[in-house]
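Here the structure comes first, spelled out in structure tokens, and everything after it is commentary.
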Amino acid sequence: MNTRFLISSALILFAMGLQSQTIELRFPYFEGTPYVWIFFQGDRQDTVVRGTIPAGGEVKLVVPERHSGYSGMTRWMLVHQAGGGLDMIVNGEDFQVECLERIPSRENIHFRGTEENPFMSDLYFKKQTLLRKAEAMQMALKSYAPADSLYPTFQQEHKRLKEAFATIQRGATESPLYAARFQQIVDFTMGIADRIYPTDHERAMALNRFATRELDWEALYTSGHWGGVIHNWIEMNIYAIQNDAILLEGTRNILNRINNKQIYTDFAIQLVRYFTRYDKDHLLSAISSEVRQSDMLLHMNGALMVFAGLHKGDDAIVPKGITATAEELYRNGAVVFFYDTDCGNCEQVKNQLIKDYQQLKERGVRVISIASDQDEATNQRTVAQLPWQYTLNDYLGGNDGENFTAWGVLGTPTLFVVNKHGVISGRFVTLTTQEILQHVNSN
């Protein structure tokens, strides 16, 4: 046996397997135009190539080694006053793109050697055509009375269009192509569900089911629609569905379905940003333990430090600057109030606590305030208004100060209620005195 020959053959085959994917473009009317080629990873855009279209308009793009195996959308963008460019799916295919017209359009841009890109374009066109016709039939049904002779015709056509649309959507779901996953993502950004629903609420619930149970999050990560889809999903829950239990269940479903640590980490960052923005800190508390124990976070820096902080069910620590023990400090419960003097919402919470402090004091409930003020004089002016004993400030540290970091506080105002057992019973943006007392007495 010729061992040397076998080894050489194996090396040749290995090298062939590593051959970079190439895309050849021919756009003769754009010679001399600068361009960039962009790959998507979550909210980040990686410019992998910069160049200028040479004489003749032929460009050869090679997928760089750092994106070997990439499956997703890319953007070949022309850098000139008129802008423009071409979105292309990269998914292991070597292919060619040609446009011999001065003004590119869907009809005169031709792909060869790729199944993904024509599928994407054709599927979008078919669905939009069906939706436009279905909308026209719906308008006709609203315009004509059921007794009108034309009404059954419109009704039958509307039914046919709905069935045709549902069939196309099922076909996309069953397709193995990235283009099918991408079209589902684009549909979601446009509020298009798996079929045509009679009410907006039913459509919202269907879209929520898709996002939390079916959406391919790895495909989303390389789609260029990462932030938009998450934003739409959160706002749909906040304004349309309006049910925190459904939002929490959906959040858990998504986290459990993501297997890539980078994608999991980036999604967790988005959750913190949006849940904090929409006063859903209690949802962060609900998932905090699960996220910490998942071993899926690449780090706990920045926004993710909230998961390293304290949440409902955790033992409250003694803030730095207080010498009492936890048992002494929290014997009758406490409210720990994180604020910044220049924060408008903090001012409202502070004034309410001052107003209700006597009621809390009579029941032995301590109030502990911790500021992120950068200026000592500013802080002292605020502290002078406060009737309680413990008034701390993470000077110069701001939100990165020791107490803010230890408790995992990202924004102000944030209130923790500690019950009589020294256990955190909740994390809030604002609370009434009655609610504070209920949480203080909770088990």
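Each reported figure results from applying straightforward, stated rules to the coordinates on display, with no laboratory input. Because the structure is a prediction, the values reported are computed rather than measured. For neighbour counting, all protein chains shown are included, and Cβ atoms are generated from backbone atoms with ideal geometry for every residue, glycine included.
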Fully extended, how many nm does the chain gain between Asn301 and Thr430 (0.36 nm per residue separation, minus their Cα-Cα distance)? 43.9 nm
In sequence order, what are the phi-derived ³J(HN,Hα) couplings for the range 46-60 according to the Karplus relation 6.51 cos²θ - 1.76 cosθ + 1.60 with θ = phi - 60°, rounded to whole Hz, with x for glycine and proline? 9, 7, 9, 9, 10, x, 10, 5, x, 4, x, x, 9, 10, 10
Kindly express, to the nearest 10 degrees and within the range 0 to 90, the angle between helix 261-277's C-alpha long axis and the longest C-alpha principal axis of the chain. 50
Please give the helix 151-174 orientation as an angle from the longest Cα principal axis of the chain, in degrees from 0 to 90, rounded to the nearest 10. 80
Value of Rg to Rh for the range 151-191 (Rh from inverse mean 1/r over Cα pairs, i.e. Kirkwood): 1.15
Relative to 2.2 N^0.38 Å, what does the C-alpha radius of gyration of the range 118-242 come to as a ratio? Two decimals please. 1.16
Roughly how many debye, to the nearest 20, is the charge dipole of the chain about its Cα centre, given +1 on each Lys and Arg Cβ, -1 on each Asp and Glu Cβ, and no other charges? 620
Taking the Cα atoms of the range 241-306 alone, what are Rg (to one decimal) and Dmax (as a whole number) in Å? 11.2, 32
Near the amide H of Ala371, under 5 Å away, which other amide H atoms are found, from residues 5 or more places off or on another chain, if H is placed in the peptide plane? Tyr339, Leu392, Asn393, Asp394
At 222 nm, what value in deg cm²/dmol follows for the chain if DSSP H runs of at least 4 each add -39500 (n - 2.57) and the sum is divided by all its residues, to the nearest 500? -14000 deg cm²/dmol
Inter-part gap, Cα centre of the range 388-443 to Cα centre of the range 286-345, in whole angstrom, is 7
What translational D, rounded to a whole number of µm²/s, comes out for the range 276-333 from Stokes-Einstein when the hydrodynamic radius is the Kirkwood one over Cα pairs, at 25 °C and 0.890 mPa s? 184
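Output the pairs from Lys320/Lys361; Lys159/Lys280; Lys126/Lys261 with a Cα-Cα distance over 32 Å in this structure; if there are none, say none.
The answer is Lys159/Lys280; Lys126/Lys261.
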By how many degrees, between 0 and 90 and to the nearest 10, does the Cα long axis of helix 178-189 differ from the longest principal axis of the chain? 50
Rounded to the nearest 5, the percent of DSSP beta bridges in the range 326-440 running antiparallel is 45
Other residues with Cβ under 14 Å from the Cβ of Leu329 give, with Lys and Arg +1 and Asp and Glu -1, a net charge of +1
Give the peptides 371-380, 99-108 in descending order of average Cβ contacts within 10 Å, highest first. 371-380, 99-108
Return the whole-Å distance between the Cα centroid of the range 266-281 and the Cα centroid of the range 55-82. 33
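Output the peptides 321-329, 109-117 sorted from most to least packed, where packing is the average of other Cβ atoms within 10 Å over each peptide's residues.
Numbers: 321-329: 13.1, 109-117: 17.0.
Highest-to-lowest ranking by the protection proxy: 109-117, 321-329.
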Enter the mean projected area of the convex hull around the alpha-carbon atoms of the chain, in nm², rounded to one decimal. 34.1
Grab every C-alpha pair in the range 326-440, bin the distances at 5 angstrom width from 0 up to the longest one, and report whole percents. 2, 13, 25, 25, 21, 12, 3, 0
